[in-house]
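Some notes on the structure that comes next.
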Amino acid sequence: MGAGEVGLGEAASAPWYAGLTRRHWRILWGSYLGWIFDGYEAVALVYALRPALASILTPEQAQAPASYVGLAIGITLLGWGIGGLMGGIAADYIGRKRMMMISILGYAVFTGLTAFAGSFTQLAILRFITGLAIGSEWSTGIALVAETWPNRARPKGCGFLQSGFGGGAVLAAIVWAVLAATEPLGPESWRILFALGALPAFVCLYLRRALEESEQWMQALKAQRWAATAEDAGHAPRAAQRPFTLAEIFREPESRRRVLLATAMSFATTVGWWAVSSWLPAYTEGLAKAAGEPANLWGPRMGIIYNVGAITAYVISGFVADAIGRRAFLLVTYVGCIVTSLACYLWTGGLVPFMGLAFLNGFFTLGFAFSWMAIYLAELFTPAVRATAASVVFNGARLIAWIFPILAGQIVTAFGGVAAAALTLSSVYVIGLVVPWFMPETRGRPLPE
């Protein structure tokens, strides 16, 4: 049963999971598996990057390690943005299932190859290609779950799907904690973290049998419904030849407005996470050293707690967004991002209370800040362009934001610490306090068809 097939006549007293079948859960689980390894791969980079650079940088390059950290993250983001844009467009043409399998196989292969990088140039090339594959998976999974789950359950299902990223991040933090404590390959143990990232290749064998293509997407193509939004239906071309989806979402006035506004918020989320929260492990290690504690243990501990906070937010995000509405959810999200980021990077006290702040920071900056895109974007666009629009918003921001981790590295070098860089760049969250007032409220509305 497609998302649009459960109408507004549903009984108000029916539980949110009414109408869900094994097929719905199977589609969610298949998409979830892909997202687990998205989260693992993204966070593995954050943890393994410093020891990796210590291993592969030349003595001259090692004089400015923070700059190379920012450069490696920025290159990954650039690949993520380009790949996501291409993958979202492809998903609207070749289907959600096929594109998901291609992207998972791609990032599994190139994450595994990263374990063999012997220079920064090799690492950068592999990170870029891995980013291409990771980016193309996100919008595909969102479109597939949103178009197959009933309206009442859809926001919860998309929130559950987003939690896969947090689950993978926790998995990466746990693996890194074990590697940091045991060091099976000594200073080269970081290579194991990337080698394990090749395992998602086997997920494709399951997806090939478990996933079904979106009926709503196939019906839209069959009926030649090309409009990007319901409001723009009168502006869509009536010719049988399909317009290019990327051009269509910018050609139609209401679609263009929504894409640009949502991309501004996505930009705030992306810069906030990669240029602010991604420095938390290094900041935690600094606090640990100042307290005379083992830094290589407290960094991974913080990562686990941070991602547990994110997973908590992912799981409840659909319920909260339905309870208070989309606009209020966005405002709460970005206020939380600002407050918890300032609290973390101004903290100079004990490590145990800091873990509580890390939990809250993960709740907002990784949890709610990314969940809104999983829940809200599908409600703004029709199936003919849904994956394209979502990819432009989610990944297009990375085509702008990829430079900020590089700038953050320069700021860390100039100011002699990560706190100044993080506090400066956290001001980007203010965007999220302005834009929601200009976006439509979609709570309780059926998914556009």
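Observations, loosely collected:
Let's see how each residue does on (1) among the aliphatic types (A, V, I, L, M); (2) more than 28 Å from PRO253 (Cα to Cα); (3) assigned by the TED database to the domain that holds ASN307:
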| residue | (1), (2), (3) |
| --- | --- |
| ARG327 | no, no, yes |
| LEU330 | yes, no, yes |
| GLY336 | no, yes, yes |
| TYR345 | no, yes, yes |
| GLY349 | no, yes, yes |
| VAL352 | yes, yes, yes |
| PHE364 | no, yes, yes |
| TRP372 | no, no, yes |
| TYR376 | no, no, yes |
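- Residue pairs meeting the criteria (Cβ under 9 Å; at least 6 apart or on separate chains; first within 27 Å of ALA384 (Cβ to Cβ), in region 94-119; second open to solvent by 60 Å² or more (accessible area, probe 1.4 Å) and outside any helix (DSSP H, G or I)): LYS97/GLU212
- Applying the set (1) under 15 Å from ALA262 (Cβ atoms); (2) open to solvent by less than 10 Å² (accessible area, probe 1.4 Å) to PRO383 leaves exactly one unmet item: (1).
- Subset of region 156-215 (residues that are at pLDDT below 80 and of a type in the set (D, E, K, R)): ARG208, ARG209
- Top-ranked residue of region 24-72 - restricted to ones that are among the aromatic types (Phe, Trp, Tyr) and more than 16 Å from ARG127 (Cα to Cα), ranked as farthest from the chain's Cα centre (by Cα): TRP25
- Taken over region 106-137, the residue count meeting the criterion of being of a type in the set (S, T, N, Q) and crowded, with 20+ Cβ neighbours inside 10 Å is 4.
- Take the conditions (1) out of contact with any helix residue (DSSP H, G or I) (no Cβ under 6 Å at 6 or more places or on another chain); (2) within 24 Å of GLY81 (Cα to Cα); (3) open to solvent by less than 20 Å² (accessible area, probe 1.4 Å); PHE160 misses just one of them, which is (3).
- Annotation: PRO353 fulfils all but one of (1) surrounded by fewer than 24 Cβ atoms within 10 Å (Cβ to Cβ); (2) farther than 30 Å from ARG443 by Cα; (3) in contact (Cβ under 8 Å) with a residue 60 or more places away in the chain; the unmet one is (3).
- For region 140-148, the condition of being under 12 Å from the mean Cα position of the chain (by Cα) and either in a helix (DSSP H, G or I) or not assigned by the TED database to the domain that holds ASN307 (or both) holds for at least one residue.
- Test: TYR345 is farther than 19 Å from ILE305 by Cβ and hydroxyl-bearing (Ser, Thr, Tyr): no
- Some residue of region 80-87 being open to solvent by 50 Å² or more (accessible area, probe 1.4 Å) and either among the basic types (Lys, Arg) or in a helix (DSSP H, G or I) (or both): yes
The values are calculated or read from the model by the stated rules, or taken from the named source; none is laboratory data. Computed from a predicted model, the values in this text were never measured in an experiment. All Cβ positions, glycine included, derive from the backbone under ideal geometry; neighbour counts span all protein chains shown. With ligands, DNA and RNA removed, areas are computed over all heavy atoms of the protein, side chains included. Shrake-Rupley method; radii C 1.70, N 1.55, O 1.52, S 1.80 Å.
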